Each structure stands twice: as structure tokens, then as C-alpha cells.
Amino acid sequence: ELKVEQNPLFLSMQEGKNYTIYCNYSTTSDRLYWYRQDPGKSLESLFVLLSNGAVKQEGRLMASLDTKARLSTLHITAAVHDLSATYFCAVPQGGSEKLVFGKGMKLTVNP
Amino acid sequence: EAEVAQSPRYKITEKSQAVAFWCDPISGHATLYWYRQILGQGPELLVQFQDESVVDDSQLPKDRFSAERLKGVDSTLKIQPAELGDSAMYLCASSPGRLQETQYFGPGTRLLVL
């Protein structure tokens, strides 16, 4: 059974700082998705990583995928308050399109 | 920009009552998903449709939940009877149906069962 683990689950950081969050998964997959969710809102797609070594960047966020290590990282550069949200990674199960989500990482960026 | 539509946005009901949620996917999207998200957790897939056919409903509690997508476009998720533990956000998502495509999520229906 595919398990997706995120760490940390909670992160409070100051504006201007850098940080990396992690997403591990338990079975082989060559794809991984990152989503953002604001409180009480739906999920917004951030990144789609489709192969080993894939790297995507959007603004202050950069995501990468290492399929051999079954690990994805989401790096935050010079955090700003607007990045405060919950970030989910998701992995498709067994070659299907069924996504298994991690528990999410709640990020708070303080002025 | 095309979006997934859901209604209602909020629903309060008493246990043992019936509730229904509606989803209209992005036009042309063949695959439709219903997820349940409990507060503080990630979404969990309840059912997946490809056009009008169910592809995966292994996590759908079939004694009380049902889902249909009769014409392969919009979809309805029903709970009867509702239980206290059903309180959650119900999210609908759609994708074009090709492999590796992003799933686009609707705004969700927040259900509270009293």
C-alpha cells in the first residue's frame, strides 16, 4: 500500500528566510504533484514532476523529484507572508491516476 | 479560465438525513474524481469516473454513499443516511483523462452533520 509522508507537518518561519520541506513515498512512482491549500479553500496545483531529476520553479518555490530515493523536496526562498498555506504532495498509486496525498505541511510565515 | 463547479458550498444536516452534492467538471474533461478531506488531513479518493463509468470506488462506503455520472459530464454524490463521522470537505476534481495530467479541484462542499 502506498504511503506518502511529509515533514515537517508544521513550520513557522520568518519572512526572508529559506527552508526545505520533504515528501517521501513508499512505492515506486515516476510522478509527483504539489498542491497548495489556503484555509477553507480548495487545492491549487503548484507543480507536476514527471520524471527522475525533474525540477520546477515558480516564484519563490522550487520543487524537485528523486524517484530512486522516493523523495521530493519543496524549497522556499526568501519567504513572504503570502506563502502561508498548507502544502500537499501527492503520488499516483500503482500506475493509476488515483492520487494518494500526504497529510500536508502547514506553513506560517511571520513578518 | 475554466473551473470545476460544485454546489452547495456548505451543507448542515442532521444525522440519518440524506444529502447530495453536485459537481460540474471543466468542459471536455473525461475523468472526474470525488475526494473527502477531513480537517487536518489530506484528501482521500472516494470514487473516480472515466466518462460515465466508475474506474475506482474501492474507498466508497457503499452502504451509505452513492455516486453517478449518468451522461459523462456532471456528477452527483449522495449520502444516505448521513452520520456524524461524515462531517468533512467533499472535493470534486477533473482532468482531461490523459495520463500524467494535473487534477483540477473545485471549491468543495463543506458538510456538517449534527
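Would you please name the residue that is farthest from residue B:102 (Cα to Cα), looking only at residues in the stretch A:45-78 that are of a type in the set (D, E, K, R) and within 14 Å of another protein chain (Cβ to nearest Cβ)?
A:58
I'm told residue B:40 meets every condition in (1) within 13 Å of the chain's Cα centre (by Cα); (2) closer than 20 Å to residue B:113 by Cα except one. Can you identify the failing condition by its number?
So residue B:40 meets the others, but not (1).
From the set of residues in the stretch A:1-15 that are within 14 Å of chain B (Cβ to nearest Cβ) and among the charged types (D, E, K, R), which is farthest from residue A:74 (Cα to Cα)?
Restricting attention to the stretch A:1-15, the residues satisfying the condition of being within 14 Å of chain B (Cβ to nearest Cβ) are A:1-7, A:9-10.
Narrowing the set further to residues that are among the charged types (D, E, K, R) leaves A:1, A:3, A:5.
Working: A:1: 24, A:3: 18, A:5: 13 Å.
Result: A:1.
Restricting to the stretch A:84-99, what's the tally of residues that are crowded, with 18+ Cβ neighbours inside 10 Å and more than 8 Å from chain B (Cβ to nearest Cβ)?
Residues flagged as crowded, with 18+ Cβ neighbours inside 10 Å and more than 8 Å from chain B (Cβ to nearest Cβ) within the stretch A:84-99 amount to 7.
Would you mention how many residues in the stretch A:16-44 are free of Cβ contacts under 8 Å to residues at least 60 places away in the same chain and away from chain B (no Cβ under 12 Å)?
Of the residues in the stretch A:16-44, 5 are free of Cβ contacts under 8 Å to residues at least 60 places away in the same chain and away from chain B (no Cβ under 12 Å).
From the list A:31, A:60, pick out the single residue that is at pLDDT 95 or above, farther than 21 Å from residue B:38 by Cα, surrounded by 14 or more Cβ atoms within 10 Å (Cβ to Cβ) and of a type in the set (D, E, K, R).
A:60
Of all residues in the stretch A:46-62, count the ones that are in contact with a Phe, Trp or Tyr (Cβ under 6 Å, 6 or more places away or on another chain) and either free of Cβ contacts under 8 Å to residues at least 40 places away in the same chain or not in a strand (DSSP E or B) (or both).
Total satisfying the criteria: 3.
Got a sec? Which strands (runs of 3 or more DSSP E) wholly within the stretch B:14-90 have at least 3 residues that are in contact with a Pro (Cβ under 8 Å, 6 or more places away or on another chain) and touching a residue at least 12 places away in the same chain (Cβ under 8 Å)?
Fully inside the stretch B:14-90 and qualifying: B:31-37.
Which ones in the stretch B:39-48 are more than 8 Å from chain A (Cβ to nearest Cβ) and either modelled with pLDDT under 95 or touching a Gly at 6+ places or on another chain (Cβ under 7 Å) (or both)?
Listed by number, the list holds a single entry, B:39.
Determine, yes or no, whether residue A:6 is modelled with pLDDT of 95 or more, closer than 16 Å to residue A:105 by Cα and out of contact with any Ser or Thr (no Cβ under 8 Å at 6 or more places or on another chain).
Yes.
Restrict the check to the stretch B:49-66 and report whether at least one residue is within 21 Å of residue A:43 (Cα to Cα), hydroxyl-bearing (Ser, Thr, Tyr) and over 14 Å from the mean Cα position of the chain (by Cα).
No, there is no match, as no residue in the stretch B:49-66 is within 21 Å of residue A:43 (Cα to Cα), hydroxyl-bearing (Ser, Thr, Tyr) and over 14 Å from the mean Cα position of the chain (by Cα).
Inside the stretch B:91-114, can you point out the residues that are assigned to a strand (DSSP E or B) and within 14 Å of chain A (Cβ to nearest Cβ)?
Listed by number, the residues that qualify are B:91, B:92, B:93, B:94, B:95, B:104, B:105, B:109, B:110, B:111, B:112.
The values are calculated or read from the model by the stated rules, or taken from the named source; none is laboratory data. Everything numeric in this text was worked out from a predicted model, so none of it was measured. Cβ coordinates were reconstructed from backbone atoms using ideal geometry, including for glycine residues, and neighbour counts include every protein chain displayed.
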